[in-house]
1. Sequence gap at least 6, Cα distance under 8 Å: using those rules, report the relative contact order of region 1-194 to the nearest whole percent.
2. Which order do Met328, Met359, Met322 fall in if you start with the one that has the fewest other Cβ atoms within 10 Å?
3. Tell me the relative contact order for region 3-99 as a rounded percent, counting alpha carbon contacts under 8 Å between residues six or more apart.
4. Please list, in order along region 400-410, the HN-Hα scalar couplings obtained from phi with the Karplus expression 6.51 cos²θ - 1.76 cosθ + 1.60 (θ = phi - 60°), rounded to whole Hz, x for Gly and Pro.
5. May I ask you to sort Leu103, Leu148, Leu414 by Cβ crowding, counting other Cβ atoms within 10 Å and putting the fewest first?
6. If we count other beta carbons within 10 Å of each Cβ, what is the order of Leu116, Leu189, fewest first?
7. What FRET efficiency comes out for the pair Glu229/Arg35, r = Cβ-Cβ distance, R0 = 30 Å, nearest 0.05?
Amino acid sequence: MADLKTLSWLAIFRLGLIQTCLGALIFLPTNTLNRIMVVEYALAASIPGFLITLHHVVQLARPYIGYGSDRGGRRTPWIVGGMIILATGSVTAAFGATLAAQLGWIGHVVAAIGYLLIGVGSGAAGTSLLVLLAKQVSDQRKPAAASLVWFMMIMGFAVTGGITGQLLDPFSEARLLAVVGGTAIIALLVTFIAIIGIEKPDVPAAVSTVKPQLPDTATKPPFFEAIREVWAEDHARRFTIFVFASMLAYSAQDLILEPFVGLVFGWTVGQTTALAGMQHAGMLLGMLAMAVSTYAFKSRTRHVLHLWIRGGCIVSAIALVMLAFGGMSGVDWPINLNVFVLGVANGSFAVAAIGGMMMLAGQGLKQRDGLRMGLWGAAQAISFAMGGFLGTVAVDLMGLWLNNPAASYGIVFLAEAALFVWAASLIFNIDHQIKDTSAPNLGEPEGVHLKTQLGGINP
């Protein structure tokens, strides 16, 4: 077999720049506009909460987006088109927010249209970008590449927050629209320049040294038939449930951690904000450690990735149990260290899971890479849409029942820990599911070999 042309680190970095732009365009409506609507415009917090949830829910279209890119065989048009839709949605959402303060429901409708576009655009660009990486990055580089693009997306959040925060003072509607519009234009220009010449035509997935080959006529069935075929693949189904369970546990802690520390330990707003920074620093360290270890031991990439996915989930569960114990013990708990460890575990498992997505996307039926990635992206979107809301509701319900903040938050943390343990059990066979790039046994039927690579798991 001829050597496949895979992406260089420079090309991977260029795709990471697109992820940075994606992060910048998502940050503005989900963070900056959220604060402006609640504080400057004195709207009910539920309004931006609903709009942000809306952008997650619409990403249920990710499987169809992936299916569409599979049929076309190219990801670049979906990346570029998605970024254009995302940029348009960000500007529309900002315009709707300004209208809402003056025209009420008319502005809310415009903002809702904007957030719908944000969901569609981020789903199209994000899904297609990961599929492109999965198809054209070598197996040894996939985990490190996943860490790099995820890190660059977080940098998009951080840089956008820092710069736009300065540009928006003193606040005015004209400044808001100028900042959002300027960010959208810059993001699109960077995307157009970065994507040029990246995608190679008709390059087989780098992961897919071995995969069952079906006739071309059998690779493009209708959408619902295609998704039934993918769902019938045990590794795809198992990984979908894993993504949902782990990301639900991950997102459920997001909105309750700082209030927990403030209520139970009596920390100030400044102290809890600094604690959030500590958690994010831990996440970055976890991402870096995962990337370095998988690349350093690239001859055993799948085994190291397996350890990070399961280990990250287990350590996340332990850290949450310790948070619950610390809150209910009433002792001087090392909360900074506890939250830092939680961040390290969260960051390592999250990027390892993305690396797992990239390695698994090309396994199974031919030309379903985009559909699989879309299915996993939809599972993640659902969990993120549900996680924060369910976490806060669970704390409120426990509070009504127990009238004890430490116990209320502790029980919710324990439930999240149980979800992480369940997720780790679901991924137990990932060591068999993620293939090496070694050549197959040519005397072995394709279907038999695939079953062996997937660990011989029965549906």
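None of the figures in this text is laboratory data; all of them are computed from the coordinates on show. Owing to the predicted nature of the structure, the values given are computational and were not obtained by experimental measurement. Heads up, the Cβs are rebuilt from the backbone with ideal geometry, glycines too, and the neighbour counts pull from every protein chain shown.
1. Details: 263 pairs, mean separation 72.3, N = 194.
Relative contact order comes out at 37 percent.
2. In order of increasing Cβ crowding within 10 Å: Met328, Met322, Met359.
3. Answer for region 3-99 is 38 percent.
4. Each residue of region 400-410 in turn: 5, 7, 9, 6, 9, x, 4, 5, 4, 5, x Hz.
5. Lowest to highest Cβ neighbour count: Leu103, Leu414, Leu148.
6. Details: Leu116 19, Leu189 11.
Least crowded to most crowded, the residues run Leu189, Leu116.
7. 0.10
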